[in-house]
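Novice: Below are the structure tokens for one structure; questions will follow.
The values are calculated or read from the model by the stated rules, or taken from the named source; none is laboratory data. Only a predicted model underlies this, so the values are computations on that prediction, with no experimental measurement involved. We place every Cβ from the backbone using ideal geometry, glycine too, and count neighbours over all the protein chains shown. Calculation scope for accessible area: heavy atoms of the full protein, side chains included, ligands and nucleic acids excluded. Shrake-Rupley method; radii C 1.70, N 1.55, O 1.52, S 1.80 Å.
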Amino acid sequence: MPHHLSVRIDPNSGFCFGVIYAIQMAEDLLDEQGYLYCLGDIVHNDEEVERLERRGLRIIDYEQLAGLRREAVLIRAHGEPPSTYQMAMENELTLVDASCPVVLKLQNRIKTSYDKQDQIFIYGKHGHAEVRGLLGQTSGNAVVFESLEELLGHELPSRLTLYSQTTKSTDSFYRIKNELTERGYEVNANDTICRQVSNRDKDLRRFAAQYDQVVFVSGTKSSNGKVLYQVCKDTNPATHFISKLDDLDNAWFTPGQSVGICGATSTPMWQMEQIRDALLAL
């Protein structure tokens, strides 16, 4: 009698509502007109991008956007800086705006804060799509930093206003805030981390602890994937990162083991199901 693996997908993993909304919008328009331009990767997951490209999605960059006239262009969940909207007006482009509401709210808060002449520091990843949109609210004047060390390398004012990219870790954000306060800075900290992302942290710890092996599925470009993979790995050292089915190594598993499959907010459910089916067939 073969001892097969028992495999379960984490019910809380998969697309967050911002990504579900953007992809739904893209699919509706693709059904309607057969093709659609999208500024940047619609989601940081190559497999999902390829699936949508086969349906007619055309990923473009800023240079290609500048050359388009009178077309519809999708703005993905990460949001865009004001300059993109400006260019769209000049080029008579119709923007299909799928910016996530959590990101839009943060953009507005940063803009208001900047208009009040606050000294703004954004905890986030340099060059990340969402961060570019946030930085644009301050005409590029806010300071973006990825770690406390990097932040302390700047000449800091005695009063500073702190914001965070929506997919950062809440623990790290508060550690940075507390460290600054201890050093005597007056910090106006705005916790702008998306709760759908930060609550996954706790859910994933609970999930990862239950299995002999954990397979974490995420695109290599996903910031949130890197954070959540680390959460799983810290909880269960037998956690394996894969970005596609081919990365799966059967040698990781022993017959009869329990395996949990989970992923980032940019990991499609169909991809986790594909991996589950491959494991069940072992």
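Novice: Which one of the conditions (1) open to solvent by less than 50 Å² (accessible area, probe 1.4 Å); (2) hydroxyl-bearing (Ser, Thr, Tyr); (3) in contact with a Lys or Arg (Cβ under 8 Å, 6 or more places away or on another chain); (4) more than 20 Å from Asp46 (Cβ to Cβ) does Tyr185 fail to meet, given that it meets all the rest?
Specialist: Just one mismatch for Tyr185, condition (1).
Novice: Also: Might you let me know whether region 35-42 holds any residue that is closer than 29 Å to Ser198 by Cβ, open to solvent by 30 Å² or more (accessible area, probe 1.4 Å), in a loop (DSSP other than H, G, I, E, B) and without any contact (Cβ under 8 Å) to a residue 24 or more places away in the chain?
Specialist: The first filter runs over region 35-42 and keeps only residues closer than 29 Å to Ser198 by Cβ, leaving 38-42.
Cutting the leftovers down to open to solvent by 30 Å² or more (accessible area, probe 1.4 Å) gives us 41.
Those still in the list that are in a loop (DSSP other than H, G, I, E, B) too: 41.
Now narrow it down to the ones that are without any contact (Cβ under 8 Å) to a residue 24 or more places away in the chain: none.
No, because not a single residue in region 35-42 is closer than 29 Å to Ser198 by Cβ, open to solvent by 30 Å² or more (accessible area, probe 1.4 Å), in a loop (DSSP other than H, G, I, E, B) and without any contact (Cβ under 8 Å) to a residue 24 or more places away in the chain.
Novice: Okay, next question. Can you name every residue in region 182-208 that is aliphatic (A, V, I, L, M), closer than 16 Å to Asn224 by Cα and assigned to a helix (DSSP H, G or I)? Before the answer, list the steps.
Specialist: In the first step, residues of region 182-208 are kept if they are aliphatic (A, V, I, L, M); the result is 187, 189, 193, 197, 204, 208.
Filter once more, keeping what is closer than 16 Å to Asn224 by Cα: 193, 197, 204.
Within region 182-208, Val197, Leu204 qualify.
Novice: Next question, about the same structure. Out of the residues in region 85-104 that are within 20 Å of the chain's Cα centre (by Cα) and assigned to a helix (DSSP H, G or I), which is surrounded by the fewest Cβ atoms within 10 Å (Cβ to Cβ)?
Specialist: Let us first name the residues in region 85-104 that are within 20 Å of the chain's Cα centre (by Cα), namely 96-104.
Now narrow it down to the ones that are assigned to a helix (DSSP H, G or I): 101-104.
Values: Pro101: 13, Val102: 21, Val103: 24, Leu104: 15.
Filtering region 85-104 for residues that are within 20 Å of the chain's Cα centre (by Cα) and assigned to a helix (DSSP H, G or I), the one surrounded by the fewest Cβ atoms within 10 Å (Cβ to Cβ) comes out as Pro101.
Novice: Next question, about the same structure. Could you tell me which numbered condition Gln117 fails, if it satisfies all but one of (1) without any contact (Cβ under 8 Å) to a residue 12 or more places away in the chain; (2) in a helix (DSSP H, G or I); (3) among the polar types (S, T, N, Q)?
Specialist: Of the numbered conditions (1) without any contact (Cβ under 8 Å) to a residue 12 or more places away in the chain; (2) in a helix (DSSP H, G or I); (3) among the polar types (S, T, N, Q), the odd one out for Gln117 is (2).
Novice: So, Val131, is that one of a type in the set (Val, Ile, Thr) and assigned to a helix (DSSP H, G or I) or not?
Specialist: Criteria met by Val131.
Novice: Okay, moving on. As an exercise: evaluate Arg175 against (1) closer than 23 Å to Met269 by Cα; (2) open to solvent by 30 Å² or more (accessible area, probe 1.4 Å); (3) not in a loop (DSSP other than H, G, I, E, B) and give the number of the one condition it does not meet.
Specialist: The single condition Arg175 does not satisfy is (1).
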